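One structure is given here, and the rest of the page talks about it.
Quick note: the coordinates plus some simple rules give every number you see, no bench work behind them. If you're wondering where the values come from, they're calculated on a predicted model, not measured in any experiment. FYI the Cβ positions are ideal-geometry reconstructions off the backbone, even for glycines, and counts take in every protein chain you see.
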């Protein structure tokens, strides 16, 4: 089990990332921190394997934070997340040993790809000796994932239900909501949303906010 934590000052973004990470089999989110200072408290109380770190934190740059954290927790891995593709920040992240660098707004399909690569690396490093150069290349980010790894379904996503959701949404040119799809599936709104968001992450659907006269905007889904 990969124990992940999220260091992100926007609680809404953190919640989206947590929801997605927890849909991936073998990944458990053990905590969130809204400030760099809170990350230390989190790590003191929870064993963590992987951090998703926002670079622009209110109290410290994420690149500086991870350098300090690595001194006390050398086995800790991290993925940097930022709204800027600044060359200096990218270089600092690479120097600090970042597994990857993602630019906001993060596409869930890309986050899924990165997490599958990370899981693959963890698995290979725990299985013993690596005698093949291509396997070693892959660990250092120079290899390609197999088709089997790319299409791995996350926890809670069943292929038959996924196919049914696609069939239901495809003819609805005006879009649909998670509640509507849940009713058609005979499932809860939460379950339907999990499948719909997975399909958005895979680029097979798109989501848009529809603003009504009153109340909060509704998230509607469209087939691509």
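Packing around the peptides 51-61, 106-116, 154-164, taken as the average count of other Cβ atoms within 10 Å per residue, puts them in this order, highest first: 51-61, 106-116, 154-164. Over all pairs of different C-alpha atoms in the chain, the reciprocal of the mean inverse distance, the Kirkwood hydrodynamic radius, equals 19.0 Å. Calculated [222 nm] ellipticity per residue, helices only, for the chain: -13500 deg cm²/dmol; basis is -39500 (n - 2.57) per DSSP H run with n ≥ 4, divided by all residues, nearest 500. Direction-averaged projected area, Cα convex hull, the range 2-120: 6.5 nm², rounded to one decimal.
Beta bridges per DSSP, both residues in the chain: antiparallel share near 30 percent.
With semi-axes defined as the square roots of five times the eigenvalues of the C-alpha gyration tensor, the equivalent ellipsoid of the range 29-83 measures 16, 12, 11 Å, largest first. For the range 159-223, the C-alpha radius of gyration divided by 2.2 N^0.38 Å, with N the number of residues, is 1.05. Ordered by the count of other Cβ atoms within 10 Å of each Cβ, fewest first, 20, 99 give 99, 20.
Projecting label points 7 angstrom from Cα along Cα→Cβ for residue 202 and residue 160 puts them 1.7 nm apart.
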